[in-house]
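The values are calculated or read from the model by the stated rules, or taken from the named source; none is laboratory data. These figures come from a predicted structure and were not determined experimentally. Using ideal geometry, Cβ is built from the backbone for each residue, glycine included, and neighbour counts are taken over all protein chains shown. Quick note on the areas: whole protein, heavy atoms, side chains included, nothing else; ligands and nucleic acids left out. Shrake-Rupley method; radii C 1.70, N 1.55, O 1.52, S 1.80 Å.
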Amino acid sequence: MPFTLSFLQGSAISSATVAFLLAFPALFSIVNPFGASLIFAQATAGRSQREILALSRLVAFYSFMIILSSVWLGGKVLVFFGITVSALRVAGGLVVAVRAWNLLQSPETMEAKKEKQALQGGKTVMAPNWSDSAFFPLAMPFTVGPGTIAVAIALGSGCPPEQPFLPYELGVTFAAVCVVAIVWVTYSSSERLVSFLGVTGTRIVSRMAALVLLCIGVQILAAGVQGYALQIWHAMK
């Protein structure tokens with residue numbers, strides 16, 4: 001019994017670690033906190049430091065809740081509509097790969113799109129109550145957009161059959177916590193990051209993240225294709 005318990009604990013830790021190592025770079029790359037923080041600084045221009053700190057904390061909280069809901073419930077909602085995990089992986093992998101390719105080729109276009117989402121009519125977000133802009137547009141779709149939700153659903157539904165489900169999901173959840181914590185830190189210190197990294201430094205980081213994201217998108221797509229191939233093989237047998 002002690003040996004079995006030790007084995008299960010080791011298996012759980014291994015599953016959680018694998019899930020974290022897969023989920024963290026995927027979520028980090030598609031959220032791109034460093035690039036988003038530069039636009040966040042523009043969107044909050046004119047705000048006091050106290051308001052920026054409170055707004056960044058609220059945006060991080062909303063972003064975490066969106067990612068968490070996608071990880072734990074997104075796959076179940078799709079299964080309810082009859083969408084298989086393999087189809088989800090293929091679609092999610094394609095979405096991630098295409099987004100990563102666009103970001104890798106022309107980060108300027110992606111920056112302009114995010115800036116348009118964060119800035120309303122070319123103006124800074126200056127609602128009478130600063131919390132009114134925390135969920136929309138700053139949390140969604142600026143920080144966590146459709147691409148991030150697709151990645152989160154694909155990760156949450158991508159537990160391999162040979163690994164325990166709960167540790168895997170906890171590993172993905174911890175990765176989401178780490179990414180959202182980085183979002184909170186970068187948004188809170190967005191003005192300092194603007195002066196430290198600058199546009200060129202941010203685009204370098206974005207391209208590196210895009211390359212990692214492209215590889216992860218291909219990996220998710222390959223897992224979906226493999227799932228279909230196994231289904232075909234079993235049907236032929």
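Kirkwood analysis of region 28-75, using all unique Cα-Cα pairs, places the hydrodynamic radius at 12.1 Å.
For R203, the solvent-accessible surface with a 1.4 Å probe is about 70 Å², rounded to the nearest 10.
For region 51-57, putting each phi into the Karplus relation 6.51 cos²θ - 1.76 cosθ + 1.60 with θ = phi - 60° gives couplings of 5, 5, 5, 5, 5, 5, 5 Hz, in residue order, rounded to whole numbers and with x for Gly and Pro.
How many percent of Cα pairs in region 1-105 exceed 19 Å? Percent of Cα pairs beyond 19 Å in region 1-105: 65.
For the pair I232 and E162, a Förster radius of 25 Å applied to the C-beta separation gives a FRET efficiency near 0.75, rounded to the nearest 0.05.
For region 43-48, 3J(HN,Hα) computed residue by residue from phi via the Karplus equation (6.51, -1.76, 1.60; θ = phi - 60°) reads 5, 10, 4, x, 7, 6 Hz, glycine and proline entered as x.
Judged by the mean number of other Cβ atoms found within 10 Å, the most tightly packed of the peptides 183-189, 72-78 leads the ranking 183-189, 72-78. Shown for region 144-214 is the translational diffusion coefficient from the Stokes-Einstein equation, using the Kirkwood radius over Cα pairs, a temperature of 37 °C and a viscosity of 0.692 mPa s: 228 µm²/s. From the alpha carbon centroid of region 16-51 to that of region 169-206 is 4 Å.
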